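*Asks:* Dropping the structure in here first, questions after.
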Amino acid sequence: MKSSEQFAIKWDLSKRTINDLCNKGKIPGAIKEGRKWLIPDDAVRPADMRVSSGKYIKKKVAHNKSLPIGISDYVRAQADYYYVDKTMLIKEFLDQKPLVSLFTRPRRFGKTLNMDMLRVFFEISEEDTSKYFEDKAIWRCGEEYRKQQGQYPVVFLTFKDVKFDSWEATLDKIRDLLQEEFGRHQELASSEKLVGYEKAYFAKIINGNASEVDLTASLAKLSQMLTKHFGKAPIIIIDEYDSPIQEGYSKDFYDEIIGFMRNFFSGAFKDNKNLTYGFLTGVLRIAQESVFSGLNNLTVNSVMDDEYDQFFGFTASEVREMLEYYGALDKEAELKDWYDGYLFGHTEIYNPWSVINYISKGCVPQAYWVNTGKNEILEDVLKAATDDITERIYSLLQGERVIARIDQNVVYRLLPEDPANIYSLLVVAGYLKTPKKELQADGSYLCEVSIPNREIAAVYKSEILSHLLRIGAITRTTANKIAENLYANDYKKLQKAIAEYMDKSISFYDAGAEGFYHGLVLGLIALMDNQYKIKSNRESGDGRYDICLIPREDRYPGIIMELKWKRDLSAEALSGLADEALAQIDERKYDAEMKEDGVQDILKFGIAFSGKKVSVKTE
């Protein structure tokens, strides 16, 4: 047996490609020891589907399978759509055999589809469901894995749509979901192996008459009945377990949902002898003492961990294979720039929702992911933004990395007490990545964090602009004027619109606050970043300018702003200070950098403020 590194050299492929081939079962006899793959000495290089000539003839899209946008039904996805094979998740799980597994990943990263795949693989069925796996990677892994197929009763619940404004409505929806899941197991209603009170309880759930107390015990009782009927303990799968908890936090029924879930999960997973395996997925890992009280058999796998790192989201090789299938290899660099950049463990991952939308919509880059749900976490960041948080967001949007402590044991209601927890939420929810991390003695990580890609940067900018409009720091009219005049390339009107923005935002904020300056620049980024590279406090010519907007295209003018501030100025003195700021731009040659880059048209703003008063002068 040789290592994947040795075969990478032998076959002239990257180590990552070798590992992907092993994970997909394309190298017979390859075995995984720890995190390393060992490959038989006589292994033959598989066809890797790569294009060696650099040329590619596009296929006719009419003959290609559709992409599974919004499809979370495994049987349908693998049969009727282009399916990225993630069945090796089953092998990795069976190799490790944790009793209860929690997978935390951002929304729309394939959690529900993977959980339905596990359901179809393991569940006892009158139909021979092995046909849905015979052409998949897991089937090539040998008899020891194939014999697990179709052998267990399965309980499957997904809470992804449990999003209501009240506890009463939330409980009604959970009651409906349990009614539907009990209905999938109608064989229990007439089972000779169950006693009368068990059948009465079953009927109570089916008829929708169960109380809140009845519902909290439902998973424990259902697993007990299934064990009696089948002679085998079931597998319990709970998808998006934290979705109603997030709603409870934002809609003020947090205590009710936490109390319910604690009892609900305890019955299912804590000391439950009627359980073969348990799976949960969610975006966040709610702290153990909050929901999983006393559950000492829980194995948590998050974006920080190496295990299962390539089974949620698409790897680089999977994206390349997809682009080749759809005749779009020439778009690989653009797609990478927009939707790559996530790090799960140490594996580079693409956002799957955005990739399939990008390809299906003719390779037009947009922020597809932002439209799939609310961005409450970013809203919370902006609402509670301290000076430090505002400055860090500014740095992140400038492409820089910042240092943050990441603690995965998140409790929602403690967020206001320590705003620094927001970085932990941003990481696990997919708004930040951790290119560098170091585990600390208390189980937290000290990390360098950054924004993953252009799509997520666009989400930040969209939320910043929405926040400015919502709190009244800027009007929609002013924002539209800036956008329209940029599009029309009308210098004079653009100059007037920017002056109006500065006037309104400076007047709204406390200009003496430490974070005011960076907040001002954040607004400019939200409004104008598509057309400009925005820099601040950089050296140029004989001094430093405060804000510089460098055009991304020749048709836009350059923009330089010099800001000055003094306390308690009269209107006349304030006007004079603005004139001084404007003059300083020419005196210190702040436009030297842009002129050297060939920018001839440059708008100059001298801006002075004192408290909430502002004076804007233009050349």
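*Asks:* Could you say whether any residue in region 45-52 is at pLDDT 70 or above and either of a type outside the set (D, E) or touching a strand residue (DSSP E or B) at 6+ places or on another chain (Cβ under 7 Å) (or both)? Talk me through it step by step, then tell me what you get.
*Replies:* Filtering region 45-52 for residues at pLDDT 70 or above gives 45-46.
Imposing the further condition that a residue be either of a type outside the set (D, E) or touching a strand residue (DSSP E or B) at 6+ places or on another chain (Cβ under 7 Å) (or both) reduces the set to 45-46.
Yes, region 45-52 contains a residue that is at pLDDT 70 or above and either of a type outside the set (D, E) or touching a strand residue (DSSP E or B) at 6+ places or on another chain (Cβ under 7 Å) (or both).
*Asks:* How many residues are surrounded by fewer than 19 Cβ atoms within 10 Å (Cβ to Cβ) and either out of contact with any strand residue (DSSP E or B) (no Cβ under 9 Å at 6 or more places or on another chain) or farther than 13 Å from L226 by Cα (or both) when one looks only at region 176-193?
*Replies:* 12
*Asks:* I've got another one for you. Could you say which residue among E500, E484 is within 30 Å of N357 (Cα to Cα) and without any contact (Cβ under 8 Å) to a residue 24 or more places away in the chain?
*Replies:* Working: E500 fails: within 30 Å of N357 (Cα to Cα).
E484 is the lone residue from the list that is within 30 Å of N357 (Cα to Cα) and without any contact (Cβ under 8 Å) to a residue 24 or more places away in the chain.
Listed here are the residues, each with its yes/no results for (1) farther than 28 Å from H185 by Cβ; (2) of a type outside the set (F, W, Y); (3) surrounded by fewer than 22 Cβ atoms within 10 Å (Cβ to Cβ); (4) out of contact with any strand residue (DSSP E or B) (no Cβ under 7 Å at 6 or more places or on another chain).
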site	(1), (2), (3), (4)
Y241	no, no, no, no
P244	no, yes, no, yes
I257	no, yes, no, yes
K270	no, yes, yes, yes
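*Asks:* Here's something else I'd like to know. For region 132-143, give me the residue count where each residue is touching a residue at least 12 places away in the same chain (Cβ under 8 Å) and out of contact with any Gly (no Cβ under 9 Å at 6 or more places or on another chain).
*Replies:* The total comes to 2.
*Asks:* When the residues of region 412-453 are filtered to those that are among the aromatic types (F, W, Y) and at pLDDT below 90, which remaining residue is farthest from D242 (Cα to Cα)? Outline the logic, then answer.
*Replies:* Just the residues of region 412-453 that are among the aromatic types (F, W, Y), to begin with: 412, 423, 431, 445.
Checking the rest, the ones that are also at pLDDT below 90 come to 412, 423.
Details: Y412: 11, Y423: 18 Å.
The residue in question is Y423.
*Asks:* With G598, G606 as the choices, which residue is assigned to a loop (DSSP other than H, G, I, E, B) and of a type in the set (G, A, S)?
*Replies:* Working: G606 fails: assigned to a loop (DSSP other than H, G, I, E, B).
The match here is G598.
*Asks:* Quick one: which residue in L188, L177 is free of Cβ contacts under 8 Å to residues at least 40 places away in the same chain, in a helix (DSSP H, G or I), under 17 Å from S223 (Cα atoms) and of a type in the set (A, V, I, L, M, F, W, C)?
*Replies:* When all the criteria are applied, what remains is L177.
*Asks:* Scanning region 85-107 for residues that are of a type in the set (D, E, K, R) and buried (at least 23 other Cβ atoms within 10 Å of the Cβ), which turns out farthest from I356 (Cα to Cα)?
*Replies:* Residues of region 85-107 that are of a type in the set (D, E, K, R), as a first pass: 85-86, 91-92, 95, 97, 105, 107.
Now narrow it down to the ones that are buried (at least 23 other Cβ atoms within 10 Å of the Cβ): 86, 105.
Details: K86: 16, R105: 18 Å.
Step by step, filter region 85-107, then rank; the result is R105.
*Asks:* So if I check each of S223, S266, which one is surrounded by 23 or more Cβ atoms within 10 Å (Cβ to Cβ) and polar (S, T, N, Q)?
*Replies:* Sole residue among the options that is surrounded by 23 or more Cβ atoms within 10 Å (Cβ to Cβ) and polar (S, T, N, Q): S223.
*Asks:* Among the residues of region 326-340, is any within 13 Å of the chain's Cα centre (by Cα), farther than 26 Å from F121 by Cα and either among the hydrophobic types (A, V, I, L, M, F, W, C) or outside any helix (DSSP H, G or I) (or both)?
*Replies:* Yes - at least one qualifying residue is present in region 326-340.
*Asks:* Now a separate question. How many residues, within region 140-174, are assigned to a helix (DSSP H, G or I), of a type in the set (K, R) and in contact with an Asp or Glu (Cβ under 6 Å, 6 or more places away or on another chain)?
*Replies:* Summing the residues that are assigned to a helix (DSSP H, G or I), of a type in the set (K, R) and in contact with an Asp or Glu (Cβ under 6 Å, 6 or more places away or on another chain) in region 140-174 gives 0.
*Asks:* Here is a follow-up. Select, from V364, V381, V355, V370, the only residue that is in a loop (DSSP other than H, G, I, E, B), of a type in the set (A, V, I, L, M) and out of contact with any Cys (no Cβ under 8 Å at 6 or more places or on another chain). Walk me through it before giving the result.
*Replies:* Details: V381 fails: in a loop (DSSP other than H, G, I, E, B); V355 fails: in a loop (DSSP other than H, G, I, E, B); V370 fails: in a loop (DSSP other than H, G, I, E, B).
On inspection, the qualifying residue turns out to be V364.
*Asks:* When region 92-137 is examined, which residues are found to be closer than 22 Å to L280 by Cα, of a type outside the set (F, W, Y), in contact with a Phe, Trp or Tyr (Cβ under 8 Å, 6 or more places away or on another chain) and part of a helix (DSSP H, G or I)?
*Replies:* E92, L94, K111, L113, N114, M115, D116, M117, L118, R119, V120 - these are the residues of region 92-137 that are closer than 22 Å to L280 by Cα, of a type outside the set (F, W, Y), in contact with a Phe, Trp or Tyr (Cβ under 8 Å, 6 or more places away or on another chain) and part of a helix (DSSP H, G or I).
*Asks:* A further question on this structure: Which of (1) buried (at least 19 other Cβ atoms within 10 Å of the Cβ); (2) more than 26 Å from M117 (Cα to Cα) does A200 not meet, given it meets every other one?
*Replies:* Exception for A200: condition (1).
*Asks:* State the number of residues belonging to region 367-408 that are in contact (Cβ under 8 Å) with a residue 60 or more places away in the chain and under 22 Å from G110 (Cβ atoms).
*Replies:* 9
*Asks:* Out of the residues in region 108-126 meeting the condition of being β-branched (V, I, T) and under 27 Å from the mean Cα position of the chain (by Cα), tell me which one is surrounded by the fewest Cβ atoms within 10 Å (Cβ to Cβ).
*Replies:* Ranking the candidates gives T112 first.
*Asks:* Answer yes or no as to whether K564 is farther than 18 Å from K533 by Cβ and under 40 Å from the mean Cα position of the chain (by Cα).
*Replies:* yes
*Asks:* Which one is surrounded by the most Cβ atoms within 10 Å (Cβ to Cβ) among residues in region 285-329 that are of a type in the set (D, E) and within 29 Å of I422 (Cα to Cα)?
*Replies:* Checked region 285-329; the qualifying residue surrounded by the most Cβ atoms within 10 Å (Cβ to Cβ) is D309.
*Asks:* Answer yes or no: is there a residue in region 246-255 that is modelled with pLDDT of 95 or more and of a type in the set (D, E).
*Replies:* Taking every residue of region 246-255 in turn, none turns out to be modelled with pLDDT of 95 or more and of a type in the set (D, E).
Okay, residues lined up against (1) closer than 30 Å to Y249 by Cβ; (2) within 36 Å of the chain's Cα centre (by Cα); (3) not basic (K, R):
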{"site": "D128", "(1), (2), (3)": "no, yes, yes"}
{"site": "A137", "(1), (2), (3)": "no, yes, yes"}
{"site": "L157", "(1), (2), (3)": "yes, yes, yes"}
{"site": "F164", "(1), (2), (3)": "yes, yes, yes"}
{"site": "E168", "(1), (2), (3)": "yes, yes, yes"}
{"site": "Q179", "(1), (2), (3)": "yes, yes, yes"}
{"site": "Y197", "(1), (2), (3)": "no, no, yes"}
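*Asks:* Answer yes or no as to whether L298 is under 17 Å from the mean Cα position of the chain (by Cα) and either farther than 29 Å from L94 by Cα or of a type outside the set (K, R) (or both).
*Replies:* Spelling it out, it is not the case that L298 is under 17 Å from the mean Cα position of the chain (by Cα) and either farther than 29 Å from L94 by Cα or of a type outside the set (K, R) (or both).
To keep it simple, each residue is scored yes or no on (1) among the β-branched types (V, I, T); (2) more than 23 Å from N489 (Cβ to Cβ).
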site: P557; (1), (2): no, no
site: A571; (1), (2): no, yes
site: D601; (1), (2): no, no
site: V616; (1), (2): yes, no
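*Asks:* Of all residues in region 568-595, which are farther than 18 Å from M502 by Cα and either in a helix (DSSP H, G or I) or basic (K, R) (or both)?
*Replies:* The answer is E572, A573, A583, Q584, D586, E587, R588, K589, A592, E593, M594, K595.
The values are calculated or read from the model by the stated rules, or taken from the named source; none is laboratory data. All values reported here derive from a predicted model rather than from experimental measurement. Methodologically, a virtual Cβ is constructed for each residue, glycine included, from the backbone with ideal geometry; neighbour enumeration extends over all protein chains shown.
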